[in-house]
Each structure stands twice: as structure tokens, then as C-alpha cells.
Amino acid sequence: MVLQNSGRYRADRGAGGDQENQDDGSSMSALKRLERSQFTDDMDARFGFDRMKEPGEKTGWLINMHPTEILDEDKRMISAVDYYFIQEDGSRFKVALPFKPYFYIATKKNCEREVISYLSKKFQGKVSKLEILPKEDLDLPNHLVGLKRNYIKLSFNTVDDLIKVKREISPAVRKNREREQSNDEYTSMLSSALSGVGVTTADEDGISKSIVDQLDNVVDMREYDVPYHVRLSIDLKIHVAHWYNVRYRSKCVSTRDHSQRRSYGTTGMTNFDSFLKRVKSDPVVLAFDIETTKLPLKFPDAETDQIMMISYMIDGQGFLITNREIVSENIEDFEFTPKPEYEGPFTVFNEDNEAALIQRWFDHVQETKPNIFVTYNGDFFDWPFVETRATAHGLSMHREIGFQKDSQGEYKSSQAIHMDCLRWVKRDSYLPCGESQSEGGSKS
């Protein structure tokens, strides 16, 4: 018998169906997200940011925030934002603030109820809450008179659910907008007359309320592109570089912000205005640069070249780590003070090879626990070079100090901030083309 490939996929008998595969995929995704959150907690604790778990009250200076996922009382994954604080005595802590991510959609006139009913069934288990809220629409020609438009607010338990629902609604909104721009009154009346396949009702404005696909009545999406942690901070008026009084309770927290009182869930924050004038925070700042080997007339290649030196300063104290495989002699401690106001005492570590150099730097970072890392073109050169060379020696920069590249090509970590000075030099300076190197940037 001759076998012929028909091109059609046939699942093996006894294998699980599509729903089973989807459940396995979603559970694995949730498991990976939980493992990532646990790794972040372990790394933050290594750098002093222990999560606040016992009921109590602490006062801290907010230095950083990151979106995360935690387990609620029912052991379900929910989205939250981790807020990182430094106390007056220099100790650190972090606290998670649960908040439901959301975005808005606009429908055709008088179709809100039908769309809500449709969405609640279509996205059951993903959408946590649906409600109609009046909002100002700046696209209305008479919005200055205070006229508002009804929007449907879709709230979710996790950002992952929000993204999945947004991906399904967004193409329909784009298609409906194009249809509105191309259709005139005649085609609108004709389409409403011919769309009556099944049960269809039409109101005075000729708008179809067919229950076949209510996504055809969704005409706009708003605030779907606002980052989750930014959305929370805007809504609850939480700002970095401010002092807050954090009260942690097991179930409910009431928070007083001037004359307002809000219930946030498991954590709360109160702004301490009086501290702004008499208390200043003192974050640990580490600025570093690396020197590497390279072939003549070639740019350094992390696959073949090595790190020769790492120089860095931590709060005014300089350090230099050398690779004795490249540097011929030990270097003694020295001082580099270009100006009286810029003192530069340097402590030197002479290491036997590149692996020892990288490990020494990782150990010192873990010991000093910097809050802010400063580089010049670090996203493009320093960080990826250190990461590649560490990997070549069996070390993981991400597991050692928490830094790795994100989807935007920037090196970030949860427990510390990375400031690449080249980015704001390019944005704010008026240096001539080709003069944005570190020497030109420092002189300007």
C-alpha cells in the first residue's frame, strides 16, 4: 500500500485534547511566573529588601517599584507592585501592594449592557469585573462643556489576563474604526438591515444589538498601554523619593492620605510630608567602568577578549580590580583627585585571572548592596561584556547580582536601579556628532 501525505494533522489516539494541552500550557506558565517571583524575593532579600510579612508599621523612603505577582488568600496568582524602601537607619524592606489592572473600552451608543453581557461570557475566568463609568472624551467636539461618555472598565486579576483579552479585542476595534471611516449613512442602514441573521434588535439610531458578536459594537480602547506599576502609582498617588508610613495588616488596611482614606487590600501607605524637610535618604551609589583587551583596529569582542580591569566608586570610595594575566605587576593603592572637591582614594585588588576578577566584583557588590548603578554606555558595552565573560567562566551575572537584559535591551534588576548616563547625554546635551563619548560628556 502506498502512503500519501495529505497534509492534514491527525492527533494520536489516546492523546489529550486541545483543552488539556491549553491547561498544561497555562499551568506551566503560572508555575514559571511563580518561580520567577520567588527568585526575585530571594535576590531582594540577599540585598537587604526583606518582604514585610508580620503585622506592623514602618516608615521608609521609597526608592524603587516593580510589578510582581503574589498568591492571594485563595492561593491564586494576582498582580501587585513591589515597593522598595530605605529607612532612616539605612535598613531596607519591601512590601507588595495588590491592585487590579484595567483598561477601558467604548461602545456604540446604548450598547454598553449588551457588550458587558457578551464579554462576561466570552472572557469568563479572565475578566474580574465589568462596570460602566462616565469619563471625559477629548475626541468629542463639545467636550469642553463637561459632557462625558460612558466607558466600560474591564478589571483583571493579573496583567497576563489583561494582555490576553486586549489581544482579542484590539483587532476588532481596529476593524470597526476602519469600517466607521469608510461607511456612510446608506451603507450603515444597509448593513443594519442585512445583519438580521438570527435574533437582532435595532434602536432608534439604527445600531445593531445582535448577540452574534458584540465586538462589532466596540469602537475604542483607552489606557490599555499604560504600564501596570505606573497606572497604580498614578491612581493611588504614590511617588518615588517620598517618605511613607507603611502599615501591614493580615486582612484589611485603612490608609490616610491627608483627608482621604482608602482600603488597599494587604498593604497601605501614608504620605509623611513632615519628613520631607528634615530627613534625607542616603542610597548607596556604585559607578563602574571596565577596561578590556582587543585586537588592533578592532572593537572589543566579548567572545575572545578579556576584562583587564574593573574600576568603580561606591559613595566616594574608589576601587580597582586588575587581571594579573594581562597586567604585568601588582598595583598598589593610590589616590586620584583631579579637583579638591572630587577626592578619589582607591583600593586595589590584584586578582590572578579574569574569573577571579569577576567573582571579586560580584562578591563586593553583594557585600556593599548598592541601590543605584551608574554606567556610561553600560547597556550596550559594559553589562553585556561582563555577562558574556562571566558565562564563559561558569558564572551567572543574573544569579549573582540580579542584572539581566530586558525586552527593550536595557539591563535591569529588581533590587537596584541602573542609570546609563549616555542616554540622558544624547537626550539633553548639545554635543556635536561623535563627541558623546565619556570624555566629551564629562567635560560638558
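Taken together, the values in this text are just the output of simple stated rules run on the coordinates, not laboratory data. Please read these numbers as outputs of a predicted model, since none were measured by experiment. Reconstructed Cβ throughout: ideal geometry from the backbone, glycine too, with neighbour counts over all protein chains shown.
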Quiz item: How do the peptides 282-289, 411-418 rank, highest first, by the average count of neighbouring beta carbon atoms within 10 Å per residue?
Solution: 411-418, 282-289
Practice problem: Using only alpha carbon pairs under 8 Å that are at least six residues apart, calculate the relative contact order of the range 285-443 and give it in whole percent. | Solution: 19
Practice problem: Would you please give the FRET efficiency between Thr347 and Asp74, computed as 1/(1 + (r/R0)^6) with r the Cβ-Cβ distance and R0 = 60 Å, to the nearest 0.05? | Solution: 0.70
Quiz prompt | J(HN,Hα) series, the range 89-100, from Karplus relation 6.51 cos²θ - 1.76 cosθ + 1.60, nearest Hz, glycine and proline x | solution = 7, x, 5, 10, 7, 9, 9, 9, 10, x, 7, 7
Practice problem: For the range 393-403, just list the computed ³J(HN,Hα) in residue order, Karplus coefficients 6.51, -1.76 and 1.60, θ = phi - 60°, integers in Hz, with x standing in for Gly and Pro. | Solution: 9, x, 10, 10, 4, 5, 7, 7, 10, x, 8
Quiz item: Between rounded, prolate and oblate, where does the range 62-151 land on the alpha carbon gyration tensor, with a ≥ b ≥ c its root eigenvalues, rounded for a/c under 1.5, else prolate if a/b exceeds b/c?
Solution: oblate
Exercise. Please list, or write none, the lysines whose alpha carbon is within less than 20 Å of the alpha carbon of Lys126, excluding same-chain residues fewer than 8 places away.
Key: Lys32, Lys75, Lys100, Lys153, Lys164, Lys166
Quiz item: Which length gain, in nm to one decimal place, applies between Glu325 and Glu223 when the Cα-Cα distance is subtracted from 0.36 nm times their residue separation?
Solution: 31.2 nm
Practice problem: Filter the GluC sites (Glu not before Pro) in the range 282-334 down to the DSSP loop ones having no more than 11 other Cβ atoms within 10 Å, then list what survives. | Solution: Glu303, Glu329, Glu332
